[in-house]
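> Below is one structure. I have some questions about it.
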Amino acid sequence: MMMKTKKMITKMMLVLAVTIVALAPLQMVASQTNAAAATKTTKIKKAPKKVAKVKNSNHALKIVLKKVNPTKKTGIFYMVNKINKTSYQVEARKSSGGSTKLKGLYRLNTKTMKITQMNLNTGKFVTVK
């Protein structure tokens, strides 16, 4: 009788060991699934963009021209004025004969690095995209 009990215990231990080994991958998959789900629901905050510091009026002009004049039109000259601590105004003019025509008026906000352009018909400033 004692021998039967030992065999039964051995068989039960073997079945238990096989079950544990068989379930291990399932637990691993379940933990990976939970980790993936947690990753999907976790919102990652983006680091704030570093805004380049505008050094002087020439630097402000370069920033504006890069955005609004990618074709490098010729015959246009630019005048840059510092309006206040955080704004520069860039005037684009074209010379013809003895006079000049206003071709564009831009403002650069040095805090946000956003450029606005004046609509020459309405006089309102709109953001350059």
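FYI, it's all coordinate maths here, none of it is from the lab. All values reported here derive from a predicted model rather than from experimental measurement. Ideal geometry is used to build each Cβ from the backbone, glycine not excepted, and the neighbour counts take in all protein chains shown.
> Against the condition of a type in the set (Lys, Arg), under 23 Å from LYS55 (Cβ atoms) and buried (at least 16 other Cβ atoms within 10 Å of the Cβ), how does ARG107 come out, does it pass?
Numbers: of a type in the set (Lys, Arg): yes; under 23 Å from LYS55 (Cβ atoms): yes; buried (at least 16 other Cβ atoms within 10 Å of the Cβ): yes.
Taking the combined requirement at face value, the residue satisfies it.
> In region 52-69, what residues are of a type in the set (Val, Ile, Thr) and surrounded by 17 or more Cβ atoms within 10 Å (Cβ to Cβ)?
Across region 52-69, the qualifying residues are VAL54, ILE63, VAL64.
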